[in-house]
Amino acid sequence: GCRITRCGYTGEDGFEIAMPAEHAVSIASKLISDSTVNPTGLGARDSLRLEAGLCLYGNDIDANTTPTEAALGWTMGGPKSRRRLEGGFIGAENILKPDGKFKAISRKRVGIMGMKAPARDHTEIYDASGENKIGEVTSGTFSPCLKKPIAMGYVEKDASKAGTEVLLKIRGKMQKAEVTKMPFVESRYYRVPE
């Protein structure tokens, strides 16, 4: 029993295969015997998921992160949706008002670009003056698709608007950067024609 789903964690159109461990080597061998299939590793997966603006649990989200802080409120539908109006899920009282709107947040997950060197997790984010720490990078890498460094992290809500200038403390030096929208690279998921 394998399970194949048309989903993925890279922003690309693709498939994920779940299988019993005892069949993993034979299935992987069969796949890579096809000349059109190329194996890849976690580094490639990580750069693709970051380009797609997807969170990595333990880095970008954890048990202390709310969906609204992580910019994942869309997963709960609109303010008039049954899910948002009824709540009824663990933590609903922490993020929803009775009318289904989100409660105010103090920080928000954002994309960051413009720095000269890649900013890695725990890189400090400062306001444009460099005097006030306003957040921290949670994931960062050099984007193979964009040919420049990208990062995501959390900043104070007031500094979360796209276009906000920030400074990143990378290897002890301040580097100019800018808050940007995500995804960094447009997703290429298959969509059923309308």
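The values are calculated or read from the model by the stated rules, or taken from the named source; none is laboratory data. Fair warning: this is a prediction, and the values are worked out from it, not measured in the lab. Here the Cβ positions follow ideal geometry from the backbone for every residue, glycine too, while neighbour counts run over all protein chains shown. Side chains are part of the model used for accessible areas, which takes the heavy atoms of the whole protein and leaves out ligands, DNA and RNA. Shrake-Rupley method; radii C 1.70, N 1.55, O 1.52, S 1.80 Å.
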Using the eigenvalues of the Cα gyration tensor, what equivalent ellipsoid semi-axes result for the stretch 80-194 when each is taken as the square root of five times the eigenvalue, whole Å, largest first? 30, 21, 11
Using the Karplus equation 6.51 cos²θ - 1.76 cosθ + 1.60 (θ = phi - 60°), what ³J(HN,Hα) coupling, rounded to whole Hz, does each residue of the stretch 28-40 give in order, writing x for Gly and Pro? 4, 4, 4, 4, 6, 6, 7, 5, 8, 9, 10, x, 9
Here the net charge surrounding TYR126, from other residues whose Cβ is less than 10 Å away from its Cβ (Lys, Arg +1; Asp, Glu -1), is -1
Kindly provide the GluC sites (Glu not before Pro) of the stretch 77-182 that DSSP labels as loop, not H, G, I, E or B, and whose Cβ sees at most 13 other Cβ atoms within 10 Å. GLU131
Between the stretch 28-94 and the stretch 131-194, what is the separation of their alpha carbon centroids in Å? 17
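Rounded to the nearest 500 deg cm²/dmol, what is the calculated helix-only ellipticity per residue at 222 nm for the chain, with -39500 (n - 2.57) per DSSP H run of length n ≥ 4?
When only DSSP H runs of four or more count, the value is -3500 deg cm²/dmol.
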How far is it, in nm, from the label point at ARG82 to the one at SER29 when both lie 7 Å from their Cα along the line to the Cβ? 4.9
Round to the nearest 0.05 the FRET efficiency obtained for ALA104 and LYS176 when R0 = 25 Å and r is the Cβ-Cβ distance. 0.30
Hey, could you grab the Kirkwood Rh for the stretch 1-79? Inverse mean 1/r over distinct alpha carbon pairs, Å, one decimal. 15.2
Mind putting a number on the dipole of the chain about its Cα centre? Charges go on the C-beta only, +1 for Lys and Arg and -1 for Asp and Glu, and I need it in Debye to the nearest 20. 300
Once you put a point 7 Å from the Cα of THR75 and another 7 Å from the Cα of GLU156, both along the Cβ direction, what distance in nm separates them? 2.8
Magnitude of the Cβ-charge dipole of the stretch 132-191, K/R +1 and D/E -1, about the Cα centre, nearest 20 debye? 220
Tell me, what is the per residue accessible area of the stretch 26-133 in Å², probe radius 1.4 Å? 61
Which value, in Å² rounded to 10, gives the accessible area of THR36 with a 1.4 Å probe and all protein chains present? 110
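Only sites in a loop by DSSP and with at most 11 other Cβ atoms within 10 Å count here; which trypsin sites (Lys or Arg not before Pro) in the stretch 102-194 make the cut?
Answer in residue order: LYS103, LYS147, ARG171, ARG191.
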Carbon plus sulfur fraction of accessible area for the chain, probe 1.4 Å, in percent: 54
Return a whole-number percent for the relative contact order of the chain, with Cα pairs under 8 Å and 6 or more residues apart as the contact set. 21
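What does the charge add up to near VAL185, with Lys and Arg as +1, Asp and Glu as -1, over the other residues with Cβ less than 10 Å from its Cβ?
-2
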Could you give me D for the chain, from Stokes-Einstein at 37 °C and 0.692 mPa s, where the hydrodynamic radius is the Kirkwood radius over C-alpha pairs? Units µm² s⁻¹, please. 174
I need the chymotrypsin sites (Phe, Trp or Tyr not before Pro) found in the stretch 70-130, filtered to DSSP loop residues with at most 13 other beta carbons within 10 Å of theirs. PHE89
Lysines within cross-link reach of LYS169: Cα-Cα under 16 Å, excluding same-chain residues under 8 positions apart? LYS116, LYS133
